[in-house]
1. Using a/c under 1.5 as the rounded threshold, could you call segment A:73-267 rounded, prolate or oblate? The axes a ≥ b ≥ c are square roots of the C-alpha gyration tensor eigenvalues, and prolate needs a/b larger than b/c, oblate otherwise.
2. Compute the relative contact order of segment A:73-267 as a whole-number percentage, counting only Cα pairs closer than 8 Å that sit 6 or more residues apart in sequence.
3. In debye, nearest 20, what is the charge dipole magnitude of segment B:13-257 about its Cα centre with +1 on Lys and Arg Cβ and -1 on Asp and Glu Cβ, if you could check?
4. Please give the average number of partner chain Cβ atoms lying within 10 Å of the Cβ of each residue in A:209-215, rounded to a whole number.
5. Distances over 15 Å make up what percent of all Cα-Cα pairs in segment B:374-441?
6. Starting from the eigenvalues of the Cα gyration tensor, five times each then square-rooted, give me the equivalent ellipsoid semi-axes of the protein assembly as shown, largest first, whole Å.
7. When averaged across all projection directions, what area in nm² does the alpha-carbon convex hull of chain B cover?
8. Quick one: order B:THR229, B:THR239, B:THR91 by neighbouring beta-carbon count within 10 Å, fewest to most.
Amino acid sequence: MTTIEQDAKDEAPHGEAPRRRGLESFSGSPLQVFSRYATLIALVLMVIVFSIHSPKAFFTLDNFLNILSQSSLIGLISGGLTITLIVGEFDLSIGYMASLAGLLMPGLMSLQGLSITFALIVTLLVGASVGAVNGLLVAKARINSVVATLGVGTMLVGASYTYTNGQPIAAGVPTAFLNFAVDKVIGIPNPVIVAAAVLGFLWVILNFTDLGQRLLAVGGNPEAARMSGIAVDRIKIFALVISGVLAALTGVMLSSLIGSGTIAAADGYLLSAFAAVFLGSATLRDGEFHILGTVIGVIFINTGINGLSIFGVPTSYQNIFTGGILVLAVGLSTVARRVAAR
Amino acid sequence: MSSAGPSIEPAAGPGDASPSAPWLEVRGLTKNFASIRALDAVDFDVSRGQVHGLVGANGAGKSTLIRCLAGLVVPDAGTIRIDGEEVAIHTPTVAQRLGLTFIHQELNLVPRFSALENIMLGRRKRTRLGIVDWRATRRDLQDTIDRLGITFSLEQRVDELTVAQRWLVSIARALVGSATMIAMDEPTASLSPAEADRIFAVVRHLSAAGVAVLYVSHRLGEVLDLSDTISVFRDGKLTRRASRGDLNRSSLVREIVGRDLQPEAIADAAARETHRAKSAQAALLEVRELSHEPAVHSVSFEVHRGEVVGLAGLVGSGRTEVARMLAAADRPEGGQILLDGEPLNLKSVASAVASGIALVPEERRSEGLFLDRSVSFNLNIGDLKPLRRVSWLPLLHGRRARARARQLSEQLDIKIADLGQPVRALSGGNQQKILIARWLTRDLRLLVLDEVSRGVDVGARAEIHAIVGRLAATRDTGIVAISSELEELVEFCDRIVVLADGRVVGEVSGDAMTHESVLALCYGHAEEHLEVTA
């Protein structure tokens, strides 16, 4: 971790990323500082409690890899959502997009007989196209992004049913594809590697590229961005395309993991992703979306769910946990900022 | 149009008719902003039903007085009495309760609500079930509607109404709130002559009904026509209080400017002089018959290399609209912009920037800055490509970016604790310098500054003038500068193009370029315009 920080200090353009972290992390009221670290503190406490309670089930390398594995899918979809939220727009179609991709990927192989590579390319292209449609509706037609992406998402639900006639796709999927999600490289599950690579890539884009600077500018003040000569429309379309592609990739990984194409399999990822990204926005920063925060948010939620299930808490309580934590963390950050502003 | 309105005689100055004490008495009102005395011991009275004209150049103090009465600004000294009783107007709510209503140019209406909903905002009649009783509301309102001569449907959404209709809605809203005084800020600035007549009729009607009207306008003709009393402001002081008939147009201009002038003579001499000086040189920027209805009509002027040209004009003259079209922030509806003789067809700010035209916008905080981002982010955002490690990859060279930001901030003497500091907390002067510095790394051919130094202290103002002047002198960049403060333009510009009502009404340079001559041109035209339309 130190080496990454070190690098960041040396590399970040304008000294932006590390400088802001350094400045914001310990500036402001004590309550504000606490709220920035509350998620991390709670994560550590959670790990300690779970480890003391069930050292054999929770505190094992296998279980940690398991948590990371579970985190990787939500992590991918949340990474795309983070970019969209950074430019100040919403994407409510990601869950449905992931579900559709989860059907398309196995379907293209078993029904249309495409190779793994081609099926993957087509599925990701569909994700990109859906993102581009979202982007055009939001940036060019100026439709409110909540409405536009909800509408497109609803159409994707219809597309899912139309494509499969409501039947799951189980037969005729190559084993090589089914093995991908469970295989490991030097002990690390493939989905974790993919998610880490993608999120690392997004982190680099946001912090070390002029594209990233433009994304932040559009999110910070769209009018000022336009006056600075930034093509605001194109940046917004880009963000929504990224969001669509990563939602599609999430669906691909999910279908490999569950070994079939299942209707509506990833619909629930929408809320989980929003929970993780907003939780992340209250972590280390004061309500600003960022990739590192998103990663922490995803891991936090999955650690909690993992620990609770080891505790024997019924799965129905998981959503209560996720929602409760989200409201608590974002609420704490918001109140802390308001108190500090007085 | 005016005959269609309520048939009520023009008010015969009820203030004069009743010798009793005025309704509103202001004594010794003083307000300082930093080192600037915006209001200097102003005494000011308003009687019921009086139409009271407020005139003066930008920054003369009339708007500060209004802001004090509206509860937006708390005066440093002085008293305000209403019906003989001293009042403290700390908030707009207090002002409203006292019967003081303010209609600003922006007309604070809710665009998506109907006219009726806007009029009744916050005071709807309810049935026993708690449902809004629109029928009773409309019945009660009928009287007011008739009095104002409103003929359009109140069911229409406000954003579908014309500006004049919106004014009527605002006035109706004030009357429903039982206003005793309505202050109107430039009501006719964007109205057609016929629409303006409608407003004049309403003002006269209000006066006859016992409602006082504070009438703020740069159009002196209408102020003279309407007002029972005129108060002239200059440099924060109320310099002249005149009753109807005491002043004519030229004497009023003299009161505002503080000196006697002949606008036409100045304009002619100045134009000749400019022509002589610059005709040898080809223009950098040629603006030909630029139009954008309703604000700009066929504006033409030139800017030469290394020349600082001011765009002067009163509120509503179209100067900001012209500036925005130059930088492609808005698209012209007609006319041409030529840079170095080449016609430009700019589709976006980005394309203007690519052609070497940059704008420092009027609203610094909302249109220019990324307030929560760092100084270096704000400095570098205008020109990121040269900061790449390799030209075909968007990877930025962090050290080079920081070095460039540091160099810019040192070069312009921007006072910061460090480059990572958010710009929100910086002073107006430092923020403005950042917005200028943003463009300095580019090959800039034309820099447009809308409000060169609004909200900038005196020291930083001189520095900004020096920076821009150096840019013009050393790099041959053409400068178009806008400022509401004519002194600043006179001091800073080589030449001033004066706009009024969206047209170029004159041009001054050299010795003819004085605060008074520019101001006289601004008003001179407003007069002509009214004479034509009256």
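1. oblate
2. Here the relative contact order equals 48 percent.
3. Computed charge dipole of segment B:13-257: roughly 500 debye.
4. 6
5. Here the tail beyond 15 Å accounts for 46 percent of pairs.
6. Calculated on Cα positions only, the semi-axes equal 59, 34, 26 Å.
7. So the Cα hull casts an average projection of 28.3 nm².
8. So the ranking, lowest neighbour count to highest, is B:THR91, B:THR239, B:THR229.
Read the figures in this text as sums done on the coordinates, not as results from a lab. Everything quoted here is computed from the prediction, not taken from an experiment. Here Cβ is always computed from backbone atoms with ideal geometry, including for glycine, and neighbour counts include all displayed protein chains.
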